[in-house]
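Undergrad: Quick one: the structure is below, and I'll ask about it shortly.
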Amino acid sequence: MASPSGERVRVEVIGIMGAGTCSSGLHEVGQSWVVDDAVVPQGMCGYAYNAINPFIMALRCGGRFPWKDEPVATVCCPDADNPVVFRLSLDE
């Protein structure tokens, strides 16, 4: 259901490449958050949030991605050695 400021987006950690551990020590596979405002979710790395935020905002505003048939995005954090992989989708 949409909040007054847009759609709610579920952010899930679905993988960690490289060594399999998050370099910041904050993330592990299975974590999830719901984003419904402009605040970095508690416990999420600010660098990761900065990388995924443009995709979150597109989904929150009703946008879609031309390479997907559904409103979903898979985005990695900027850590080149151990990128955390996030799945972004509308929160039903």
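Undergrad: Phe55 - would you say it is surrounded by 18 or more Cβ atoms within 10 Å (Cβ to Cβ), at negative phi and in contact with an Asp or Glu (Cβ under 9 Å, 6 or more places away or on another chain)? Walk me through it before giving the result.
TA: Details: surrounded by 18 or more Cβ atoms within 10 Å (Cβ to Cβ): yes; at negative phi: yes; in contact with an Asp or Glu (Cβ under 9 Å, 6 or more places away or on another chain): no.
No: the conditions fail for Phe55.
Undergrad: Which of (1) loosely packed, with under 15 Cβ neighbours inside 10 Å; (2) under 16 Å from Pro83 (Cβ atoms); (3) among the small types (Gly, Ala, Ser); (4) under 10 Å from the mean Cα position of the chain (by Cα) is the odd one out, the single condition Gly46 does not satisfy?
TA: All conditions are met except number (4).
Undergrad: Take Asp69 and decide whether it is touching a Ser or Thr at 6+ places or on another chain (Cβ under 6 Å), over 12 Å from Leu88 (Cβ atoms) and at pLDDT below 95. Please lay out each step first, then the result.
TA: Working: touching a Ser or Thr at 6+ places or on another chain (Cβ under 6 Å): no; over 12 Å from Leu88 (Cβ atoms): yes; at pLDDT below 95: yes.
Here the answer is no, as Asp69 does not meet what is asked.
Undergrad: Right, next: Kindly provide the set of residues from region 16-65 that are touching a residue at least 24 places away in the same chain (Cβ under 8 Å) and either in contact with a Ser or Thr (Cβ under 7 Å, 6 or more places away or on another chain) or β-branched (Val, Ile, Thr) (or both), ordered by number.
TA: If the condition is that a residue be touching a residue at least 24 places away in the same chain (Cβ under 8 Å) and either in contact with a Ser or Thr (Cβ under 7 Å, 6 or more places away or on another chain) or β-branched (Val, Ile, Thr) (or both), then Ile16, Thr21, Val34, Val35, Asp36, Asp37, Cys45, Ile52, Ile56 are the ones that fit.
Undergrad: Among the residues of region 47-92, which ones are assigned to a helix (DSSP H, G or I), farther than 13 Å from Val35 by Cβ and hydrophobic (A, V, I, L, M, F, W, C)?
TA: Matches in region 47-92: Ala51 only.
Undergrad: For region 11-29, check the following and say yes or no: at least one residue is farther than 22 Å from Ala80 by Cβ, modelled with pLDDT of 95 or more and either touching a strand residue (DSSP E or B) at 6+ places or on another chain (Cβ under 7 Å) or of a type in the set (Ser, Thr, Tyr) (or both).
TA: First, the residues of region 11-29 that are farther than 22 Å from Ala80 by Cβ: none.
Taking every residue of region 11-29 in turn, none turns out to be farther than 22 Å from Ala80 by Cβ, modelled with pLDDT of 95 or more and either touching a strand residue (DSSP E or B) at 6+ places or on another chain (Cβ under 7 Å) or of a type in the set (Ser, Thr, Tyr) (or both).
Undergrad: What tally of residues in region 72-92 results from selecting those that are among the basic types (Lys, Arg) and modelled with pLDDT under 95?
TA: 0
Undergrad: Now, a different point. Looking only at region 17-39, decide whether some residue is aromatic (Phe, Trp, Tyr) and over 10 Å from the mean Cα position of the chain (by Cα).
TA: Our first condition is that a residue be aromatic (Phe, Trp, Tyr); within region 17-39, this holds for 33.
Restricting the remaining residues to those that are over 10 Å from the mean Cα position of the chain (by Cα) gives none.
Scanning region 17-39, I find no residue that is aromatic (Phe, Trp, Tyr) and over 10 Å from the mean Cα position of the chain (by Cα), so the answer is no.
Undergrad: While we're on this one: Being touching a strand residue (DSSP E or B) at 6+ places or on another chain (Cβ under 7 Å) and either of a type in the set (Asp, Glu) or under 20 Å from Ser5 (Cα atoms) (or both) is the requirement here; does Cys61 meet it?
TA: Working: touching a strand residue (DSSP E or B) at 6+ places or on another chain (Cβ under 7 Å): yes; either of a type in the set (Asp, Glu) or under 20 Å from Ser5 (Cα atoms) (or both): yes.
For Cys61, the condition - touching a strand residue (DSSP E or B) at 6+ places or on another chain (Cβ under 7 Å) and either of a type in the set (Asp, Glu) or under 20 Å from Ser5 (Cα atoms) (or both) - is met.
Undergrad: Looking at (1) assigned to a loop (DSSP other than H, G, I, E, B); (2) closer than 19 Å to Gly6 by Cα; (3) touching a Cys at 6+ places or on another chain (Cβ under 8 Å), which is the one condition that is false for Glu28?
TA: The single condition Glu28 does not satisfy is (2).
The values are calculated or read from the model by the stated rules, or taken from the named source; none is laboratory data. What you see is a predicted model, and the numbers here were worked out from it, not measured in a lab. Counting neighbours? That spans all protein chains shown, and the Cβs are built from the backbone with ideal geometry, glycine included.
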